[in-house]
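The values are calculated or read from the model by the stated rules, or taken from the named source; none is laboratory data. What you see is a predicted model, and the numbers here were worked out from it, not measured in a lab. Protein only, heavy atoms only, side chains kept; ligands, DNA and RNA dropped before computing areas. Shrake-Rupley method; radii C 1.70, N 1.55, O 1.52, S 1.80 Å.
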Amino acid sequence: MRKIKLTKNNTHKRRKSLPFLTFILTFVFLSAIYLPGKANTFIRTDFTFPDPGELTFKPVEFIPPEPQRVELDNGIILYLLQDHELPIVEAQV
């Protein structure tokens with residue numbers, strides 16, 4: 001494991017970022033105190049979700065591709081289905 005040596009420059013950079021970090025933490029803390037009382041003004045109460053049982057969708061159309069049937073000289077039957085999306089060859093016996 002590497003040991004990190006702190007030099008004057010590193011500690012000086014930390015001291016410069018301390019006021020900014022203090023400001024951010026103060027802002028977050030005060031927001032957490034102030035906003036819960038005001039949270040109800042940001043929430044929409046006039047919107048209702050529809051009943052899932054009453055939703056309607058378009059019918060799904062699926063047309064399966066037709067494979068090509070090839071019979072070899074030794075009697076083995078092959079079904080070929082080309083898919084050009086990926087260069088993969090798959091065989092099942």
Residue-wise HN-Hα coupling along the stretch 61-77, computed from phi with Karplus coefficients 6.51, -1.76, 1.60 (Hz; x: Gly, Pro): 9, 9, 10, x, x, 8, x, 8, 9, 10, 10, 7, 4, 8, x, 6, 9
T22, T56, ranked by accessible area, largest first (probe 1.4 Å): T56, T22
